[in-house]
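The values are calculated or read from the model by the stated rules, or taken from the named source; none is laboratory data. This structure is a prediction, so every number in the text was calculated from the model and none was measured. Reconstructed Cβ throughout: ideal geometry from the backbone, glycine too, with neighbour counts over all protein chains shown. In case anyone asks, the SASA skips ligands and DNA or RNA and just uses the protein heavy atoms, side chains included. Shrake-Rupley method; radii C 1.70, N 1.55, O 1.52, S 1.80 Å.
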Amino acid sequence: MQSLWQATCRLPTFQPLDGDLRVDAAVIGGGLAGILTAYLLQSWGRSTVLLEAEQVCGSVTKGTTAKITSQHNLIYAKLLETVGLEAAEQYARANQKAVEGYRALVKAKGIDCEWEEMPAYLYSTVDASPLLKEAEAAKRLGIPAQMSPAAGLPFPVKGALRFDGQAQFHPLKFAAALLKELTVFEHTRVTALKDQEAVTERGSVFAKDIVVATHFPFVNVPGFYFARMHQERSYVLALRNAAAVDGMYLGIDSPSYSFRNSGDYLLIGGGGHRTGENQAGGKYEDLRRAAKGWYPHAQEVYFWSAQDGITPDAIPYIGRYSSSTPHWYVAAGFQKWGMTSSMAAAVLLSEEITGKKTEDGKVFSPQRLHVAASAKTLAVDSAKAVSGLVKEKLKAPPQALPDLAPGKGGIVEYEGEKVGVYRNEAGECFYVTTRCPHLGCELQFNPDEHTWECPCHGSRFDYRGRLLDGPAQTDISFIFAQEE
């Protein structure tokens, strides 16, 4: 499968690192957060390199729905209640500035990236009262928000909250324009950080400052981000011949659906779940049934999925990696709002690194502790990690290989050990180990993606064991393939 963005844009390619290098700044991670951070640091006169383990924009950025908005679900009422007025104002300002930052950059450089000014809506088919509360919170924080009709949706709603002055774009076309001006090394996986050295198998990059923008931080200690984040997946369809909507929409109900247009296509998103918790599958089919009911004459052209880092207090980690690593910085936990958060992170980090630090970065500090906002999510994440570790030590579940249907995967016993098996439509079986190489949790099979996924921290592997998403840094072992 590929996203609409991949199908309609060819990104430039870059050579791997070849030997040691010395620069002012090294940015690790070739998604939009890394690209923007490298671009802004370079614009401030810092010699900067971008290091990407595989291919630029090859992971999270290619799967985004590409909404540029300071409207992040029901965030502002929650922030006022949990972290207070000052911190909520910082969050609001940083994200409003991020929208303006994109707008200014697209205009100044004349970037052809299908930029469109669009209102962003939250809607409910059940109860408008949370929207009214969010509208009041947004206004209190200086964001123009108002209740509004939602005429573009294919079903009636109880209410809709509209943010004006927002935008949508083609993320890969935007990224391609900036990449032309950067020094980039692809297929250069950073395996370790040592003070001011980023270590790869192809050489080391020595830098005054190092930014980890790898979606999920790969260095466990210090920082302990594995204990402070989990990951979630969501799914997207691109339809042709579906009626256009008049903005970018996100539902606050369960199930939640998002809508936006891109040229001749309507993008519908939904089916969100914690990574590693979709053993039953059917997320794409659920979306297709809903879309068929709303748009019976539309045709599906593309389908894809995305993955996002979730923090306990719903605020990204942007700032110093840890108190003991003064030269390291991090951008992670974007809460499914990766486009706006990427720009916010790039601005805040480049300001901090170049000595132009503003107070708006305080709310995002990775060293913060918002107990009221974090307690419930931290408890759930801890329980998931314990459960994943315990499962790995238990006996194999009573599942026999003959019971495994085509297109499905499961954990079986093979020569006295637990192994993962995927059976394709032709009946061929692929055997892999099921212990995540990150911290040892037991992987679960996602039949919608034909992938093995870690419910603890979100690492993902294809059915042959090849690494797709971190924080794991290595593949799982491919044992063998067996034809029926």
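Where residues in segment 311-336 are assigned to a strand (DSSP E or B) and either without any contact (Cβ under 8 Å) to a residue 40 or more places away in the chain or open to solvent by less than 20 Å² (accessible area, probe 1.4 Å) (or both), which of them is nearest to T65 (Cα to Cα)?
For segment 311-336, the residue satisfying everything is A332.
Considering only segment 404-430, how many residues are aromatic (F, W, Y) and modelled with pLDDT of 90 or more?
Residues flagged as aromatic (F, W, Y) and modelled with pLDDT of 90 or more within segment 404-430 amount to 2.
Within segment 61-82, count every residue that is touching a helix residue (DSSP H, G or I) at 6+ places or on another chain (Cβ under 6 Å), open to solvent by 10 Å² or more (accessible area, probe 1.4 Å) and not hydroxyl-bearing (S, T, Y).
Going through segment 61-82 one residue at a time, the tally reaches 4.
Only one of (1) at pLDDT below 55; (2) surrounded by 14 or more Cβ atoms within 10 Å (Cβ to Cβ) fails for V386. Which number is that?
Only one criterion in (1) at pLDDT below 55; (2) surrounded by 14 or more Cβ atoms within 10 Å (Cβ to Cβ) is unmet by V386, namely (2).
Restricting attention to segment 17-57, and to residues there that are in a loop (DSSP other than H, G, I, E, B) and open to solvent by 40 Å² or more (accessible area, probe 1.4 Å), which single residue is nearest to Q473 (Cα to Cα)?
The selected residue is E54.
For segment 446-456, enumerate the residues that are open to solvent by 10 Å² or more (accessible area, probe 1.4 Å) and on the phi < 0 side of the Ramachandran plot.
P447, D448, E449, P455
Anything in segment 137-154 that is in a loop (DSSP other than H, G, I, E, B) and either within 19 Å of E86 (Cα to Cα) or among the charged types (D, E, K, R) (or both)? List them, or say none.
L141, G142, I143, P144 - these are the residues of segment 137-154 that are in a loop (DSSP other than H, G, I, E, B) and either within 19 Å of E86 (Cα to Cα) or among the charged types (D, E, K, R) (or both).
Assess whether M147 counts as being farther than 15 Å from W328 by Cα and surrounded by fewer than 18 Cβ atoms within 10 Å (Cβ to Cβ).
Yes, satisfied.
Looking only at residues that are over 24 Å from Q168 (Cβ atoms) and among the hydroxyl-bearing types (S, T, Y) in segment 337-364, which one is surrounded by the fewest Cβ atoms within 10 Å (Cβ to Cβ)?
Checked segment 337-364; the qualifying residue surrounded by the fewest Cβ atoms within 10 Å (Cβ to Cβ) is T358.
Quick check: is even one residue across segment 183-195 in contact with a Phe, Trp or Tyr (Cβ under 6 Å, 6 or more places away or on another chain) and within 30 Å of S262 (Cα to Cα)?
The answer is yes; a qualifying residue exists.
All but one of (1) free of Cβ contacts under 8 Å to residues at least 60 places away in the same chain; (2) open to solvent by 20 Å² or more (accessible area, probe 1.4 Å); (3) over 19 Å from L267 (Cβ atoms); (4) of a type outside the set (V, I, T) hold for A92; which doesn't?
With respect to (1) free of Cβ contacts under 8 Å to residues at least 60 places away in the same chain; (2) open to solvent by 20 Å² or more (accessible area, probe 1.4 Å); (3) over 19 Å from L267 (Cβ atoms); (4) of a type outside the set (V, I, T), A92 is out only on (2).
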